[in-house]
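For reference, the structure is listed below as structure tokens.
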Amino acid sequence: MAEHRHRAPGKGRAPGKGRTPGKARAPGKQGAPDFDPDFGDLPLTEARQDIVIGRWQGVRDLLRATGTDWPRRTHRQRILSHAAAGSSAVENWRAAEPDSPDAAALWAATEVVRVFDQAIAAGRGIGIDRARLDGAVLTCLDAADASPADPMPWVSLLTVARLYEGGITQSELRRWWDEMRRRDPYNMEGHVQLLRYFSARWHGTHGRMYDFARDAAGAAPPGSSLSVLVQIARVEEFRYVAEAARGRRPVRDFGQHWHHELAVTEVRRTFERWIGGRAAGPVVPEEVGELNYLTHAACYAGLDDEARALFELLGARAARVPWSYTGDAAEQFTAFRAARLEG
């Protein structure tokens, strides 16, 4: 990769409102980064551990208690689907309660994870059997019928759309997108999935991806995390170029990727619209992943004041992505945090 000006402080490598579900882990300035995949959502952690031992009742109770808090529900279903992909827990739930809409939605999300796992195992460029993809789509559509108010089945459809060779038709993509937005117009996960669909890594271009990210960010209300879509797009572009350049010479002038004038301006704009408009209160688990994107962007853009404020919000709660794309995740998070909070 190209050499970058902004390195994790002290490292010599180029970097390749307030509701709480239970008591979150204490943030604090000190201590190692906490890469808890649940981001401090303790009820979610308990339900996920139930899946590991083959129990589904805790998952049922968690989703029932979550109700129609769509941001939290989407976050929880996404994490649970990854845990359920390697077990039979969700199938056991379906067998025990075949009319449960929550079970249908989680089963659909789990099937999509399994298809992606199959694609990863096959390797980039190896197509997945069309019947397997169609089966996952039908599972999602059945879940949408069973749980008509839940946006998650439509998020799952936007996710699996990427695996179709050449993508899906514009009319189908638009229909899935409209259905998701009709239920939850500012659903973060749904927006991220469509952003990735439009990326150069999948079925679009850098320009198409950035256009979508900027339009969605601009249309979001103040205080919405959707403002960070622009920074997520920048990470997606970096990942694409990094993978294309692997084993070859660095991409010319790509070292400016994080801190050219537009990149810096957009980090400031995101900070002002999201953090400046955000209601006072603790960071909820469904915000933590996106806050890591913005914190990473502020650090690499050299915006020390914004990075300091973001680290104060995050405490030790870290997400491996995007830090892992530019070096060792724990080293970068620790070094940048220490420099901003203790420097």
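The values are calculated or read from the model by the stated rules, or taken from the named source; none is laboratory data. Note that the structure is predicted; figures quoted are calculated from it, not measured. Calculation scope for accessible area: heavy atoms of the full protein, side chains included, ligands and nucleic acids excluded. Shrake-Rupley method; radii C 1.70, N 1.55, O 1.52, S 1.80 Å.
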Quiz item: In the chain, carbon and sulfur make up what percent of the accessible area (probe 1.4 Å)?
Solution: 50
Self-check item: For residue 317, distant residues with modelled amide H under 5 Å away
Solution: 34
Practice problem: Give the accessible surface of the range 111-261 per residue, rounded to a whole number of Å², with probe radius 1.4 Å and ligands, DNA and RNA excluded. | Solution: 46
Quiz prompt | Rounded to the nearest 10 Å², the accessible area of residue 172 at probe 1.4 Å | solution = 60
Self-check item: Anisotropy class of the range 103-256 from Cα gyration tensor, a/c 1.5 cut
Solution: oblate
Quiz prompt | J(HN,Hα) series, the range 90-95, from Karplus relation 6.51 cos²θ - 1.76 cosθ + 1.60, nearest Hz, glycine and proline x | solution = 6, 5, 5, 5, 4, 5
Self-check item: Cα gyration tensor shape for the range 63-127, rounded if a/c is under 1.5, else prolate or oblate
Solution: oblate
Practice problem: Keeping all protein chains in position, work out how much accessible area residue 39 exposes to a 1.4 Å probe, and write it in Å² to the nearest 10. | Solution: 30
Quiz item: Roughly how many Å is it from the Cα centre of the range 58-92 to that of the range 126-167, as a whole number?
Solution: 17
Quiz item: Taking amide H positions as placed 1.01 Å from N in the peptide plane, with prolines and chain starts having none, which residues 5 or more places from residue 204, or on another chain, fall under 5 Å of its amide H?
Solution: 199
